[in-house]
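Right, one structure below, let's go through it.
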Amino acid sequence: MAEKTPTPTKSPIKKNSLTATAVGRRKTAVARVRLTFKKGPWLVNQKPIDKYFPSVLFSSLYATPLKLAKVANRVGFEAKVQGGGLMAQIDAINHALARALVKYDQEAFKKLMRQKGFLTRDPRKKERRKPGRGGKARRKRQSPKR
C-alpha cells in the first residue's frame, strides 16, 4: 500500500518572490493590491495614481505605508478598487498596501504598520435607516408643542 506524503502548506509568498498581494477595506470600498518589489508604476484601476486621485490633498494621503516603510521609490503596485468614495478608496488602498508589506516581510514591517494603525480595519460604516424615523437612522419624531 502506498504511503501518503504530507503536502506542504502553501505560504502566501514563494521563496525569492518579488510580489505580494493583499485586500484592504474601508466603509464599502474594497481594494485588491498587487505589490511588486521592483521600481514600477503606481496604478489604480489601470490609471496612474495621480490621475485617479487628482487633488493635492489626496497626493499626501495615498501610499502612506510605503512612504513610512521607506520603500516608496523601490516598489510599484497595481490596485483594483471598487465602491465607496475617494477617501474610503484611499484608506482601503493603504490598508491593502500595509497588509502586502507585512505578507512580504513580517519581521521588517509588521511592528511599524501595527504601531501606525495601518493593519487595523476601520469598522465604522453608515448606520442603516430604521422604519418610522423619517428617513434617517437616529431621527426622532417631533414632540407636540403643548
Cβ-based net charge around ALA92, under 10 Å, with every Lys or Arg adding one and every Asp or Glu removing one: +3
Hull volume in cubic angstrom per residue (convex hull over the Cα atoms of region 35-116): 88
Spherically averaged projected area of region 71-123 from its Cα convex hull (nm²): 4.2
Relative pair counts by distance (%), Cα atoms of the chain, 5 Å bins: 2, 9, 16, 18, 15, 10, 7, 6, 6, 5, 3, 2, 1, 1, 0, 0, 0, 0
In degrees, nearest ten, helix 106-116 long axis to first principal axis of the chain (Cα): 20
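No lab work stands behind these numbers, since they all come straight from the coordinates. The structure presented is a predicted model; accordingly, all values stated were derived computationally and were not measured. Positions of Cβ are backbone-derived with ideal geometry, glycine not excepted, and every protein chain shown enters the neighbour counts.
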